[in-house]
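Colleague: Structure provided below as structure tokens; questions to follow.
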Amino acid sequence: MESKLTLLLALAKAKAKAKAKAKAKAKAKAKAKAKAKAKAKAKAKAKAKAKAKAKAKAKAKAKAKAKVKTIIYV
């Protein structure tokens, strides 16, 4: 009877340990996923911002160039 109880206790302990390990693993995975998602979002945002800035700069440059051209031809 004693060995059966010990075995049961050990089994329960191992089960709890495995559950805790799985929970920790899942938590870490979720954290990593969230971190990666946030990083990707930030990267995309920065890329879009840079693209918009470059587009605006190019537009302004073209506008200034066109203005200069019209002044020259007048």
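Colleague: Using all Cα-Cα distances in the chain, what percent lands in each 5 angstrom bin from 0 up to the longest?
Modeller: Answer for the chain: a P(r) of 4, 12, 7, 9, 7, 8, 6, 5, 7, 5, 6, 4, 4, 4, 3, 3, 2, 2, 2, 1, 1, 0 percent.
Colleague: Quick check: pseudo-label points 7 Å beyond the Cα along Cα→Cβ at A42 and L8, how many nm apart are they?
Modeller: Going by the 7 Å Cα→Cβ label model, 5.2 nm.
Colleague: In addition: Considering only A42, A28, A16, give the residue with the highest GNM mean-square fluctuation for the chain, with springs between Cα atoms whenever their separation is below 10 Å.
Modeller: Top of the fluctuation ranking is A16.
Colleague: Each residue of region 7-21 in order: what ³J(HN,Hα) in whole Hz does its phi give by Karplus 6.51 cos²θ - 1.76 cosθ + 1.60, θ = phi - 60°, with x for Gly and Pro?
Modeller: Taking θ as phi minus 60°, the curve returns 5, 5, 5, 5, 5, 5, 5, 5, 4, 5, 5, 5, 5, 5, 5 Hz for region 7-21.
Colleague: Let me ask something additional. Quick check: pseudo-label points 7 Å beyond the Cα along Cα→Cβ at A58 and K33, how many nm apart are they?
Modeller: So the two model labels end up 3.8 nm from each other.
Colleague: Still on this structure, please answer the following. What residue among A64, A30, A50 has the largest mean-square fluctuation in a Gaussian network model of the chain, using Cα springs under 10 Å?
Modeller: Taking springs between Cα atoms under 10 Å, the residue moving most is A64.
Colleague: Under a no-solvent Debye model with one identical scatterer per Cα of region 23-66, what's log10 I(q)/I(0) at q = 0.13, 0.19, 0.22, 0.30 Å⁻¹?
Modeller: -0.49, -0.66, -0.73, -0.91
Colleague: Another one. So what is the calculated 222 nm ellipticity per residue for the chain, using -39500 (n - 2.57) for each DSSP H run with n of 4 or more, over all residues, to the nearest 500 deg cm²/dmol?
Modeller: Working: 1 runs with 72 residues, N = 74.
For the chain, the value works out to -37000 deg cm²/dmol.
Colleague: Just the Cα atoms of region 1-40, one point each, no solvent: what log10 I(q)/I(0) does Debye give at q = 0.16, 0.22, 0.27 Å⁻¹?
Modeller: Those come out to -0.54, -0.69, -0.81, one per q.
Only the coordinates and a few stated rules stand behind these numbers; no lab work does. Being a predicted model, the structure only gives us computed values, none of them experimental. In this analysis, Cβ positions are derived from the backbone assuming ideal geometry, glycine residues included, and neighbour counts consider all displayed protein chains.
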